[in-house]
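Here's the structure we're looking at; comments come further down.
The values are calculated or read from the model by the stated rules, or taken from the named source; none is laboratory data. Values in this document were obtained by computation on a predicted structure and should not be read as measured data. Reconstructed Cβ throughout: ideal geometry from the backbone, glycine too, with neighbour counts over all protein chains shown.
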Amino acid sequence: MRLGISTWVYAKYRIEDSLRRLAGMGFKVLELWADQVQLDPRVFPEDSLDDLKKLSEDLGLTFQSLHAPFSGLDVASPYDAKRDNSIQWVLRAFEYASRLGCAFVVVHPGSAESMVMVEGKEKGRGEEGILEAKERLSKALEYLGREAWRLNIKVLLENMTQRNGRRYGSRISDLVEVIDALGKEEFGICLDPGHTVISRLDVYDELRMASELLLSIHANDNDGLKDLHLLPMEREASINWLRFLKVLRSIGYKGAFMLEVYGGDNPDRIAEGARALCERLPGLEL
């Protein structure tokens, strides 16, 4: 299984410099970060895409996926203007991904604002609120799916965190339900095991639930409370990574072991630690 990493580890660097550093460390498979910095279409000029593509080819890099922008956006918002604006920016990210040769675009299925069902009329209540959230998400995905088909990419829905109240989209069963209802091949799942831990769900059961729909992962760890995006096996882990890999293989997963880890003020150290996972987790290779 190939070991990949998100360029978010170098979030404080220009995307070009991130690519050069990761290629210099031996990484071959990457996920491109496109929220607020780097390849976010709100900040990265479209006319620079061809140069970036050429740089990736010169460095021998493969872009497996692009993480669509999400800060300030919500494709399942109950507010028409915000939902429409969000969808348009995600579609711009689709165009970027297609031009850069990405197979997948990872999309958040709504924000906590629109998808958490708690006591209170403004956010919906119980089963009725969940059905409304599902309907809004499904409508957005119908449109996104048509554009994904046109561009020959797949939309991967990422499981979110669920802390207080029921959040639609935090469980893999939510994502499977929506994808099955759409009945389209343009969709898959990207599982973030760190989000699963925070949501107090069983990571290994969630992997099995995703099954053949699982096309990518965001491997990271945390303390069970905060979404820290730590390196696997860096500290006392919440996840048994040997078991995690075993379950991945048992469901026939064919994607990369894609890391999404926070680089902080010393991203070189984190990236080097990521590379060292090839020696610590059997079967991983750059």
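What residue, of L175, L225, is modelled with pLDDT of 95 or more and either outside any helix (DSSP H, G or I) or under 23 Å from C102 (Cα atoms) (or both)?
Among L175, L225, only L175 is modelled with pLDDT of 95 or more and either outside any helix (DSSP H, G or I) or under 23 Å from C102 (Cα atoms) (or both).
Somewhere in the stretch 139-151, is a residue at pLDDT 95 or above, hydrophobic (A, V, I, L, M, F, W, C) and closer than 26 Å to V9 by Cα?
Within the stretch 139-151 (the criterion being at pLDDT 95 or above, hydrophobic (A, V, I, L, M, F, W, C) and closer than 26 Å to V9 by Cα), the answer is no, since none of the residues qualifies.
On the given criteria, is S216 modelled with pLDDT of 95 or more and part of a strand (DSSP E or B)?
yes
Suppose we keep only residues that are surrounded by 21 or more Cβ atoms within 10 Å (Cβ to Cβ) and without any contact (Cβ under 8 Å) to a residue 40 or more places away in the chain within the stretch 176-193. Which one would you say is nearest to L137 (Cα to Cα)?
Among them, the one singled out is I179.
Hey, among R14, R83, R42, which residue is touching a Lys or Arg at 6+ places or on another chain (Cβ under 9 Å), touching a residue at least 24 places away in the same chain (Cβ under 8 Å) and surrounded by fewer than 17 Cβ atoms within 10 Å (Cβ to Cβ)?
R42
Within the stretch 256-286, how many residues are surrounded by fewer than 20 Cβ atoms within 10 Å (Cβ to Cβ) and among the aromatic types (F, W, Y)?
Residues flagged as surrounded by fewer than 20 Cβ atoms within 10 Å (Cβ to Cβ) and among the aromatic types (F, W, Y) within the stretch 256-286 amount to 1.
Which one of these does A133 not meet: (1) in contact with a Phe, Trp or Tyr (Cβ under 6 Å, 6 or more places away or on another chain); (2) part of a loop (DSSP other than H, G, I, E, B)?
Result: A133 fails condition (2) only.
Of the residues V29, V90, V9, V105, which single one is touching a strand residue (DSSP E or B) at 6+ places or on another chain (Cβ under 9 Å) and more than 20 Å from H229 (Cβ to Cβ)?
Checking each option against the conditions leaves just V90.
Cβ-Cβ below 8 Å, separation at least six or inter-chain, first residue in the stretch 240-255 and surrounded by 13 or more Cβ atoms within 10 Å (Cβ to Cβ), second among the basic types (K, R) and assigned to a helix (DSSP H, G or I): which pairs?
V247/R208; I251/R208
In the stretch 180-210, what residues are within 23 Å of E132 (Cβ to Cβ) and under 16 Å from the mean Cα position of the chain (by Cα)?
Within the stretch 180-210, F187, I189, H195 qualify.
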